[in-house]
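Colleague: Sharing a structure here in structure tokens format.
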Amino acid sequence: MTALLQVKDFHYYYGKIHVVKGVNMEVREGEMVTIIGANGAGKTTTLQAISGLLPPGGVRGEITFNGKNITNSGGDKIARMGLSQVIEGRHIFSKLTVQENLMVGAYCRKDKTGIDKDLERIFKLFPRLKERLKQLGGTLSGGEQQMLAIGRSLISNPKMILLDEPSLGLAPIVFREIFETIKEINEREGKTVLFVEQNAKLALKTAGRGYVFQTGEVVMHDTGENLERNPEIRKAYLGG
Amino acid sequence: MLARVLVSGLVIGCIYGLIALGYSLIYRASGLMNFCQGDILTIGAFLGYTFYAMLKLPFAVAFILTIVLEIALGMLLERAVIRRLLGKKVDGTYIVLATIAVSYMLQNGAILGWGTRIFYFPPIFSVLSVRVFDINIQSEAAFCIVASVILMIVLHIFVKYTAYGTAMRASAMDAKAAKACGVDPAMTIALTWGISAAIGGLCGMLIGPVYGVFITLGAAIGRKGFAGAVIGGFGNMYGALLGGALLGIIETVTTAYVSSIYKDVVSYGLLLVFLLIKPTGIFNERAIAD
Ligand SMILES: Nc1ncnc2c1ncn2[C@@H]1O[C@H](COP(=O)(O)OP(=O)(O)O)[C@@H](O)[C@H]1O
Ligand SMILES: [Mg+2]
């Protein structure tokens, strides 16, 4: 079976600075895959380049999604193809209400009934969003903003979701809850998920497979279980 | 007397408000001040005059043709000048200077096309004036107020309640996040420039029949519109409308009860007062203060 998302010999340059150096990755339909690695390893750069959210001039290599070459296709087009990203730092539209944020998330859809149905599903996952529909995005708590960011991505009814550090800046109890939901989205709704996570322990427990990034390269990839047991990984990322 | 003064204050105030709104929309979308807003109004007035008075087209047709051409002009300006400069990471101040350069080019272009004399619109309506609450209002003036208010409501509904308008606001707030939602920020920005130019053109078509059409018609209105936008809170749609309307009324009252010599002193004095004491304007918008 060919992969839903395939990244081949991918490099990224910010001007002359070479930050991602020949990454190969693939994610098959229905999988839940994680990327772990230290700060500055190039995880965000890779994810955002996949989604076409970085200046296209810096990309080398080939990215295919759902059988189509999407290298430098433009972020809006890629989103419309069903590859949605919850970008690092949440990026809620702070002066739009929760409802309006979700409306922008559904921007590329025209099927009103489908949108309403998905909205109900999202409210089931995150009941707090429903209670705060009229509130401005910027006034939500960090956890609620993350829920909104995920909801805004889900409402586009994507085939695959990329999440960049969904636990960033959240209290442990909140991000456990969010991870449970991400798992649910993968298992029950069958969405393919690729997520970046600083909390390696949690990431490897949640994901079926993982890629380990180090200074712009993939230094290891294996199942979540194997990585969790690997002595090197334990030493470097799991605190011994 | 006061009622009549207030009405003519409202006529010019509506125009200031709409021009101020144009500044605010563009500030939100591209993060800069576009100083050709006023000259786009002039072009609109000349185009409208040409279609209606010279080519004898029905007013509604002249109106629509003018708006369409102005949308094209606004989008062209964004694509040919603004986007290129932004892409080169030119400092915002220089891009604002570029809009001033374009402003003079539009003025000179208008001289080439129409010369320097003043043109008067033939009457648009068969009745000269309408009577409201015991005062006679020139038909064109009444039309200006009514059409402005309708335009404000239409814009409000478009920006606030339609999917496209919401996407426009979203991409002005956070282009990357909007892109990740499938919105094309390049398109929404171009469209914002188109809409602002359309507002300018429409104002030209509304105020031309009241004031006459001449080369510097828009330049003065453009500066006042800018002052109105600051007073209302730069970047805020509703602040722009309120600031502009207020300015129009204040300057008309000054002209009527003090002297027209002082009207600009009062208007620009008010601008300075706001810049010094409350740069966030009536609606407390942070754009200038930051
Ligand atoms: N806009 C940029 N310009 C130049 N260098 C950048 C830019 N963004 C990120 N970098 C650099 O690229 C490297 C990878 O960053 P990033 O992809 O954000 O890493 P991660 O998400 O793994 O923490 C870092 O060294 C970072 O400093
Ligand atoms: Mg990162």
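The values are calculated or read from the model by the stated rules, or taken from the named source; none is laboratory data. All figures in this text were calculated on a predicted structure; none of them were measured in a lab. A quick note on method: Cβ atoms are made from the backbone with ideal geometry, for glycine too, and the neighbour counts reach across all protein chains shown. These accessible areas exclude ligands, DNA and RNA; they are computed on the full protein's heavy atoms, side chains included. Shrake-Rupley method; radii C 1.70, N 1.55, O 1.52, S 1.80 Å.
Colleague: Please find, within the stretch A:26-51, the residue that is farthest from ligand 2 (Cβ to nearest atom) out of those that are open to solvent by 10 Å² or more (accessible area, probe 1.4 Å) and in a strand (DSSP E or B).
Modeller: A:26
Colleague: Quick one: residue A:77 ticks every box in (1) part of a loop (DSSP other than H, G, I, E, B); (2) of a type outside the set (Phe, Trp, Tyr); (3) within 14 Å of another protein chain (Cβ to nearest Cβ) except a single one, so which number is it?
Modeller: The failed condition is (1).
Colleague: In the stretch B:141-163, which residues are hydroxyl-bearing (Ser, Thr, Tyr) and touching a residue at least 12 places away in the same chain (Cβ under 8 Å)?
Modeller: So in the stretch B:141-163, the residues hydroxyl-bearing (Ser, Thr, Tyr) come out as B:148, B:161-162.
Scanning the stretch B:141-163 gives a single hit, B:148.
Colleague: Find the residue count for the stretch A:4-32, including only residues that are in contact (Cβ under 8 Å) with a residue 24 or more places away in the chain and within 16 Å of ligand 1 (Cβ to nearest atom). Working first, answer last.
Modeller: Within the stretch A:4-32, the subset in contact (Cβ under 8 Å) with a residue 24 or more places away in the chain is A:4-15, A:18-25, A:27-32.
Then keep just the ones that are within 16 Å of ligand 1 (Cβ to nearest atom); that gives A:7, A:10-15, A:18-23, A:25.
The number of residues fulfilling the criteria is 14.
Colleague: Another question, then. Anything in the stretch A:166-203 that is open to solvent by less than 10 Å² (accessible area, probe 1.4 Å) and either among the basic types (Lys, Arg) or within 16 Å of ligand 1 (Cβ to nearest atom) (or both)? List them, or say none.
Modeller: A:166, A:194, A:195, A:196, A:197, A:200, A:203
Colleague: May I ask you to verify whether residue A:54 is within 11 Å of ligand 1 (Cβ to nearest atom), in a loop (DSSP other than H, G, I, E, B) and crowded, with 19+ Cβ neighbours inside 10 Å?
Modeller: Values: within 11 Å of ligand 1 (Cβ to nearest atom): yes; in a loop (DSSP other than H, G, I, E, B): yes; crowded, with 19+ Cβ neighbours inside 10 Å: yes.
So residue A:54 fits the description; yes.
Rundown of residues vs (1) over 20 Å from residue A:170 (Cβ atoms); (2) crowded, with 19+ Cβ neighbours inside 10 Å; (3) more than 11 Å from chain B (Cβ to nearest Cβ), yes/no style:
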site: A:66; (1), (2), (3): yes, no, yes
site: A:69; (1), (2), (3): yes, no, yes
site: A:127; (1), (2), (3): no, no, yes
site: A:134; (1), (2), (3): yes, no, yes
site: A:147; (1), (2), (3): no, yes, yes
site: A:156; (1), (2), (3): yes, yes, no
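Colleague: Restricting attention to the stretch B:1-13, and to residues there that are open to solvent by less than 10 Å² (accessible area, probe 1.4 Å) and not β-branched (Val, Ile, Thr), which single residue is farthest from the chain's Cα centre (by Cα)?
Modeller: Checking each candidate, the answer is B:9.
Colleague: I've got another one for you. Suppose the filter is assigned to a helix (DSSP H, G or I) and buried (at least 24 other Cβ atoms within 10 Å of the Cβ); does residue B:240 pass it?
Modeller: On the way: assigned to a helix (DSSP H, G or I): yes; buried (at least 24 other Cβ atoms within 10 Å of the Cβ): yes.
Judged against the criteria, residue B:240 is a match.
Colleague: Applying the selection to the stretch B:22-64, what residues are in contact with a strand residue (DSSP E or B) (Cβ under 8 Å, 6 or more places away or on another chain) and open to solvent by 10 Å² or more (accessible area, probe 1.4 Å)?
Modeller: B:49, B:53
Colleague: Out of all the residues in the stretch A:82-101, which are surrounded by fewer than 23 Cβ atoms within 10 Å (Cβ to Cβ) and more than 9 Å from every other protein chain (Cβ to nearest Cβ)?
Modeller: A:82, A:88, A:89, A:97, A:99, listed by residue number.
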